[in-house]
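Novice: Take this structure first; my questions come after.
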Amino acid sequence: MSETNKLENDIKIPELQHRNFRDDEFWKKIPAWSGVKREEFADHKWQVKNSIRKIKQVQEILGPLCTPELMSDLEAGQKITPMNIRITPYVFALINWVKPWDDPLRKQFLPLGSQFLDDHPYYESDSLSEDTDSPVSMLTHRYPDKVLFLPTTICPVYCSYCTRSRLIGGSTETVEKETYGANQKKWDDAFEYILRNPLIEDVVISGGDSYMLTAPQLKYIGESLLKIPHIRRIRYATKGIAIFPQKILTDDAWLQALTEVHEFGRSYGKQVVIHTHFSSPKEITKWNQLAMERLFSRGIIVRNQAVLQAGVNDTVDSMVKLTRQVGFMNIQPYYVYMHDMVPGCEHFRTTLREAIELEKAVRGTTAGFNTPTFVCDLPGGGGKRHVASYEYYDEENGISVWKAPYVKPGAVFTYYDPIHKLSPEAQKRWQDPKMREAMVKEAINKVS
C-alpha cells in the first residue's frame, strides 16, 4: 500500500480524524463568493476588504440562504449584544448556513436574539479586574513577574464571548466604549513602567489583537520590550491564526517583521512566542495547517488558549479532537478557560463540574505536554487557577470559593455556575436577593 493510500485509509479511523484537514473550496457555497478563485480567497487584503461588519451584509452575501427568520433573529441579537460584528470571509464561509442556529462558529461570531439569557446577578463588565490592576494606561500588572500589555482594541474578528467587551469592538446599542488604536506615546509610558519594575520578566502583548498591529508597530513593540534587561519572554496574543490564516500566508512584510523580532529575541537569549485561540475543530482547515507550517519553519513556537463554551466545544469528542488537531499542527494546547462572568455571555457558560469532568476525559488522550490545563480566571483578579483547586464548591447552588495566596494573599474569590443549569429549587433560591446573599456568605464562611 502506498503512503498516500495508507494516509487516506488512516483518516477514516475515528481516532485519526484530527489529521484530516478540510481543503475544499467551501467559500464557493456562499452565493456572493461562488466565483471567487482560490488565489483571491488566499489574499489577506481580499479577506480584510470583504469582512462582514454589518448585519445587512449577511443578507446581501447569503442571498436565499438567509431566511427571514434568521435575519430577524440576527437583527434582534444586535440590539442586545455588547459586541459589534466583524467576521473574516474565511470564518463566515465555514458556518453551516443550512443549520446556522446550531453551528459552533455562528454561535461565536454572530449572536442571535433568541440565544441570550439574563446576565448572572454577579456579572461584571471587567470581571477579572484588569482595569483595577492597571498601574498605567494599556497595562495590567497582577502577577509579580508578568504584565498584560494592550496596545490596541481592534481585532480581525469580534468574538461574541469576548472578556473585554467593555473595550473591544466599538460602541453598541447597549454599551458605550472608549476604544483606542495605536498610540506610541502611551506605549512608551508602559515600557517605562516595565523598565522601572525589575521583577517583571514576562509580557503578554494582546488587546484587541496583535494581528492588527502593522509590521513596523509589531517590530517597535517587540524590540522595545526585548531591549529591557530584565524581560525574558514576550508573547504576541492573536486569534488570527485561527480565523485569518491568510495573513500568515500572504502578508510577507508582517510575517518578516514577526520573524525579525523572534530572531532579535534569540540573539538576546530571550523567548518570543505566539499565543493563539482555536476554540472549535470546525475552525481548522488546510489554510491553518499551511500557516502553521510557515511559522514552524521559522522556529516560532505557538500555543493555544481556548475558551470553554456551551454548544461550541463542551463535549468530550469536540474537545479531544480540538486538542489533538492543534497538537498535530505543532501548536501546543496550553489553556482551556472557564468562561468569564461578563455581560451578554450567560448562554456560553458551563458549570465548574462540567469543566472538571471534561479535563478528566481529555487527560490521557494524548501526551501530557500536549494536554491543556483547564483553568478558572478568578473574578476580582485572583488570576488563573486549576478548575479542581477550589477551596469549596457548593454544587447544588453553583457557588465555588477560591484563594490565590501568592497573587492576592488573604483574599477570597467566588465564581458562579450559570443559574439556568441549576436545579429548579436552586434557581428559585437565586431569585431571592436575600437568600442569594446568604448562600454566598455561607459558602465563603466554609473556608474562612
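The values are calculated or read from the model by the stated rules, or taken from the named source; none is laboratory data. This is a predicted model, so every value here is computed, not measured. Virtual Cβ from ideal backbone geometry, glycine too; neighbours counted across all protein chains shown.
Novice: When you scan the stretch 281-297, how many residues do you find that are under 18 Å from Lys321 (Cα atoms) and part of a helix (DSSP H, G or I)?
Specialist: In the first step, residues of the stretch 281-297 are kept if they are under 18 Å from Lys321 (Cα atoms); the result is 281-289, 292.
This time we only want the ones that are part of a helix (DSSP H, G or I), so: 281-283, 286-289, 292.
The total comes to 8.
Novice: Name the residues in the stretch 207-218 that are of a type in the set (A, V, I, L, M), touching a residue at least 60 places away in the same chain (Cβ under 8 Å) and part of a helix (DSSP H, G or I), would you?
Specialist: Initially, the stretch 207-218 is screened for residues of a type in the set (A, V, I, L, M), giving 212-213, 215, 218.
From what is left, the residues that are touching a residue at least 60 places away in the same chain (Cβ under 8 Å) are 212-213.
Correct list: Met212 only.
Novice: Can you name every residue in the stretch 316-365 that is touching a residue at least 40 places away in the same chain (Cβ under 8 Å), under 22 Å from Ile168 (Cβ atoms) and of a type in the set (Val, Ile, Thr)?
Specialist: Val342
Novice: Quick one: is Thr373 within 30 Å of Gln325 (Cβ to Cβ), at pLDDT below 95 and not aliphatic (A, V, I, L, M)? Quick ask: steps written out before the conclusion?
Specialist: Numbers: within 30 Å of Gln325 (Cβ to Cβ): yes; at pLDDT below 95: no; not aliphatic (A, V, I, L, M): yes.
Considered against the rule, which asks whether it is within 30 Å of Gln325 (Cβ to Cβ), at pLDDT below 95 and not aliphatic (A, V, I, L, M), Thr373 comes out as no.
Novice: If we scan the stretch 62-73, do we find a residue that is part of a helix (DSSP H, G or I), in contact with a Ser or Thr (Cβ under 7 Å, 6 or more places away or on another chain) and modelled with pLDDT of 95 or more? I'd like the intermediate steps shown before the answer.
Specialist: First pass over the stretch 62-73, keeping only residues part of a helix (DSSP H, G or I): 62-65, 68-73.
This time we only want the ones that are in contact with a Ser or Thr (Cβ under 7 Å, 6 or more places away or on another chain), so: 73.
Adding the requirement that they be modelled with pLDDT of 95 or more leaves 73.
Yes, the stretch 62-73 contains at least one residue that is part of a helix (DSSP H, G or I), in contact with a Ser or Thr (Cβ under 7 Å, 6 or more places away or on another chain) and modelled with pLDDT of 95 or more.
Novice: Here is a further query. Pick from the stretch 121-152 the residues that are surrounded by fewer than 21 Cβ atoms within 10 Å (Cβ to Cβ) and among the hydroxyl-bearing types (Ser, Thr, Tyr): which of them is nearest to Thr88 (Cα to Cα)?
Specialist: Within the stretch 121-152, the match that is nearest to Thr88 (Cα to Cα) is Ser125.
Novice: So the check is Cβ under 6 Å with 6+ separation or different chains; which pairs have a first residue in the stretch 154-180 that's on the phi > 0 side of the Ramachandran plot and a second one that's at pLDDT below 90?
Specialist: Gly169/Met83; Gly169/Asn84; Gly170/Asn84; Gly170/Thr179
Novice: State yes or no: is Ala355 surrounded by 14 or more Cβ atoms within 10 Å (Cβ to Cβ) and out of contact with any Phe, Trp or Tyr (no Cβ under 7 Å at 6 or more places or on another chain)? Give the steps one after another, and end with the answer.
Specialist: Values: surrounded by 14 or more Cβ atoms within 10 Å (Cβ to Cβ): yes; out of contact with any Phe, Trp or Tyr (no Cβ under 7 Å at 6 or more places or on another chain): no.
When the stated conditions are applied, Ala355 does not pass them.
Novice: Filter the strands (runs of 3 or more DSSP E) completely within the stretch 95-206 down to those with at least 1 residues that are of a type in the set (Phe, Trp, Tyr).
Specialist: Values: elements: 139-141, 146-149, 202-205.
Those strands (runs of 3 or more DSSP E) span 146-149.
Novice: How many of the residues making up the stretch 7-31 are modelled with pLDDT of 90 or more, part of a helix (DSSP H, G or I) and charged (D, E, K, R)?
Specialist: Residues that pass the stated criteria total 3.
Novice: Right, next: Looking only at the stretch 341-365, which residues are within 19 Å of the chain's Cα centre (by Cα) and of a type in the set (Val, Ile, Thr)?
Specialist: Result: Val342, Thr350, Thr351.
Novice: Enumerate the pairs (first residue in the stretch 431-448 and touching a residue at least 60 places away in the same chain (Cβ under 8 Å); second residue anywhere and part of a helix (DSSP H, G or I)) with beta-carbon separation below 7 Å, excluding pairs fewer than 6 apart on the same chain, so at least 6 apart or on different chains.
Specialist: Arg436/Arg429; Arg436/Trp430
Novice: For Ile221, are the conditions met, namely being farther than 30 Å from Lys79 by Cα, touching a residue at least 60 places away in the same chain (Cβ under 8 Å) and out of contact with any Asp or Glu (no Cβ under 6 Å at 6 or more places or on another chain)?
Specialist: When the stated conditions are applied, Ile221 passes them.
Novice: A further question on this structure: Considering the stretch 224-257 alone, what residues qualify as being part of a strand (DSSP E or B) and out of contact with any Asp or Glu (no Cβ under 7 Å at 6 or more places or on another chain)? Write out each step before concluding.
Specialist: Kept after step one, since they are part of a strand (DSSP E or B), are these residues of the stretch 224-257: 233-237.
If the condition is that a residue be part of a strand (DSSP E or B) and out of contact with any Asp or Glu (no Cβ under 7 Å at 6 or more places or on another chain), then Ile234, Arg235, Tyr236, Ala237 are the ones that fit.
Novice: Restricting to the stretch 32-58, give me the number of residues that are assigned to a helix (DSSP H, G or I), closer than 30 Å to Ser318 by Cα and of a type in the set (S, T, N, Q).
Specialist: Adding up the residues that qualify gives 1.
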